[in-house]
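Only the coordinates and a few stated rules stand behind these numbers; no lab work does. This one's a predicted model, so the numbers in the text were calculated from it and none came from an experiment. Here Cβ is always computed from backbone atoms with ideal geometry, including for glycine, and neighbour counts include all displayed protein chains.
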Amino acid sequence: FGAIQLEKELRCLFAYLTSITYLALRDHFTCLLQTCNLLNLDKVSEVAFYWNSATWRLTPNEVRRILSLRVEFTTDEIRRLKL
């Protein structure tokens, strides 16, 4: 549930900052939001759906490192990912 809360707070912060400035902030938040997406996955195999459908700012090594933060994802599952 921590990743869900983190994503919620990031989106609130993003909304607030975009309401008070005209700067394009989306690029600055992309990596953080992609990290939240990875931490919210139910299965390692779901990465393929997101990886193939979007332009990722995170590198394959960063994706694997973030996924390894999830205790229920095994090292073997993460290593087998084709990114």
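The length gained on full extension between Arg26 and Arg70, counted as 0.36 nm times the residue separation minus their Cα-Cα distance, comes to 13.2 nm. Other residues whose C-beta falls under 9 angstrom from the C-beta of Leu39 contribute a net charge of 0, scoring Lys and Arg +1 and Asp and Glu -1. Projecting the Cα positions of Leu69, Phe49, Thr59 onto the charge dipole of region 40-83 (unit charges on Cβ atoms of Lys, Arg, Asp and Glu, taken about the Cα centre) puts Thr59 furthest along the positive direction.
For P(r) over Cα pairs in 5 Å bins from 0, in percent, the value calculated from this model appears in (1) 3, 14, 19, 19, 16, 14, 11, 4, 0; (2) 3, 14, 25, 22, 17, 10, 6, 3, 1; (3) 3, 13, 15, 13, 13, 12, 10, 9, 7, 3, 2, 0 under label (2). The charge dipole of the chain, taken about the Cα centre with unit charges on the Cβ atoms of Lys, Arg (+1) and Asp, Glu (-1), comes to about 180 debye, rounded to the nearest 20. A Förster radius of 30 Å combined with the Cβ-Cβ distance from Glu77 to Lys8 puts the calculated FRET efficiency at roughly 0.65.
Helix 2-20 and the longest principal axis of the C-alpha atoms of the chain enclose an angle of approximately 30°.
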